[in-house]
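Single-structure report; data block below.
The values are calculated or read from the model by the stated rules, or taken from the named source; none is laboratory data. A quick note: this is a predicted structure, and the numbers were derived from the prediction, not measured. Glycine also receives a Cβ, built like all others from the backbone with ideal geometry; neighbour counts cover every protein chain displayed. In case anyone asks, the SASA skips ligands and DNA or RNA and just uses the protein heavy atoms, side chains included. Shrake-Rupley method; radii C 1.70, N 1.55, O 1.52, S 1.80 Å.
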Amino acid sequence: MTSFDAVLDEAGKFGRCQKRIFALFCLVSMPWAGVYVGIVFQGFTPPHRCRDAPAARRAAQCGWSPEDGRRLTLPAVNVSGGTARPSACRRYDVDWNRTGTTCDPRDLVLDLDPATTPTAGCTEGWDYDYPGRRSFVTEFDLVCSRSWLVDMYQATLNIGFLVGSIATGYLADRFGRKLSFLMSNVMNGLTGVLVAVAPDYTSLLVFRTLFGFGVKGGWVVGYVLITEIVGVEYRRTVGVLYQMFFSVGILLLPLLAYFITDWRWLQVAITVPYILFLSYYWFIPESPRWLLSQNKKAQAVKITQAMAKENNRTLSKNIENLTDENVVSTTASFMDLIRTPNMRKHTFILSFNWFTSAVVYQGLIMRLGILGGNVYVDFLISGLVEFPAAFLILFTIDRIGRRLPFAAANMVAGTSCFVTAFIPDSLFWLKTVVACIGRLGITMAFEMVVFVNTELYPTFVRNLGVSVCSTLCDVGGIVAPFLLYRLAVIWLELPLIIFGSLAFVAGGLVLMLPETRGVPLPDTIDDIEFPEK
């Protein structure tokens, strides 16, 4: 009997064929960035104030400056940091047609005593300081008492991720990697367009959930397929680089958002690549490993021969005895992940790290949309720091190991969050640099949890273990917007304190995991429970 890995030695472990397929799948990572964190631009909440037509006419007649107009028509409220600013959600309840003829702001200030002048809500809607641009926040007026609905936009996406990744993973094991990938992109193209044309906010949330259902599942299937067609020694590298192209998408997103001023057209731009990915039907093969696991040897042999031909390699007759070396008779169950002490410990620690990585990563990115600076420049700068993460991982994991870099990445992220929270706004560049270091740390932690997860479970339960633990990533994504936007109302930096605490705990827990550098992948639960044997 000949294993697929043995045949792959002859066909080429990472030849021209695998490089071509890998390059095609790297493109899949790029638009996912727009889906995952596009809320920063699509759901941007600009400065806003109550619309008051009579007050606006009086301001125009009297020639008031914008500052005087706001001061005379809007009550002052204390915001984060104790600063008094004109209210974004209340206005003076004054009949500006009957307040006299004076235009002198000094006289009007005497009449508008904040203690006695009644106020009212924004019954006429809001005016937004967002000239020439439109987000779904400005279109649907998701501010003040309705601001929590912005959180739902991101939460529903992660609900789609949660359900879709499990469903697509099952379909990929049942019907194949290639078919599942193509079907997910059919759904992505359809639901992505529906998001762009949603007539109201309720339908927008429904379509956004369906959009998330296909996007993450298709990305994971791509990850699985490329790791199944390369040699063992190349799997970690292609996995890390595959994730790095998500960072390329992070850099492209602010450029797209800068030139595409309407959130609906930006959604179309994010969706178009998924429609183009349907052309992969003619360019990517089915996974030979999966075909072997389904007893479809003839198709597996045909695809492997085609790969060898493209790699300019010749196969021996050993391919006639090709078998699936990964077939096991043991059936995996969720109880296998928690029944024994070490397995239970690994499951808890890895799940918590998936959760923390999602909360801190999404939180730090979405925070850029509420800081009040140039969101396009800030987003671009913070995206640039993600690239060193992949190279630091590749440089350290085979020299130092997995555990220390993984724990250090979480600790650096946590420390940076704490320090950033207490740096005054006057030290803008120092605050930006420290925040970027935190972004680097959590990006590195996020990328490391993926392959560390695979090394800490035995073969027969490895896929289930990764699936179960990574569901906490989507739970974290659901929680992140509520933590960020609701806590920032109390104190702008309060979310950073929460993020830092989570990252510190995650880093400490990682130190309780075993080192897996140079250790063979475990095959049984006994290998986990009694590693010394």
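Key figures
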{"quantity": "Under Karplus coefficients 6.51, -1.76 and 1.60, residue-wise ³J(HN,Hα) of the range 358-368 in Hz, glycine/proline x", "calculated": "5, 4, 6, 5, 5, x, 5, 6, 5, 4, 4"}
{"quantity": "Using a Förster distance of 41 Å, the FRET efficiency for Ser203-Ala53 (Cβ separation, nearest 0.05)", "calculated": "0.85"}
{"quantity": "In nm, spacing of pseudo-spin labels at Arg20 and Thr524 (7 Å Cα→C-beta vector)", "calculated": "4.4"}
{"quantity": "Average projection area in nm² (convex hull over Cα atoms of the chain, one quarter of hull surface)", "calculated": "27.2"}
{"quantity": "Cα-centred dipole magnitude for the range 178-329, charges only on beta-carbon of K, R (+1) and D, E (-1), debye, nearest 20", "calculated": "260"}
{"quantity": "Bins of 10 Å from zero: percent of alpha-carbon pairs in the range 483-533", "calculated": "20, 28, 20, 16, 15, 1"}
{"quantity": "Backbone N under 15 Å from the Ser333 label point (7 Å along Cα→Cβ), restricted to the range 429-461", "calculated": "461"}
{"quantity": "Contour minus Cα-Cα distance for Phe175 and Ser426 (0.36 nm per residue)", "calculated": "84.6 nm"}
{"quantity": "Of all accessible heavy-atom area on the chain, the percent that carbon and sulfur account for (1.4 Å)", "calculated": "65"}
{"quantity": "Charge context of Leu266, other residues only, Cβ under 11 angstrom, K/R +1, D/E -1", "calculated": "+2"}
{"quantity": "Virtual spin-label span in nm between Arg517 and Arg133, 7 Å along Cα→Cβ", "calculated": "4.4"}
{"quantity": "Taking the range 439-533 and dividing mean pair separation by its residue count, relative contact order in percent (alpha carbons under 8 Å, at least six apart)", "calculated": "45"}
{"quantity": "Globularity ratio of the range 394-505, using Cα Rg and 2.2 N^0.38 Å", "calculated": "1.22"}
{"quantity": "Filter on Lys216/Lys296; Lys345/Lys431; Lys216/Lys345 - keep pairs with C-alpha separation over 29 Å", "calculated": "Lys345/Lys431"}
{"quantity": "Separation in nanometres of the label points that stand 7 Å from Cα toward Cβ, at Glu228 and Arg313", "calculated": "1.8"}
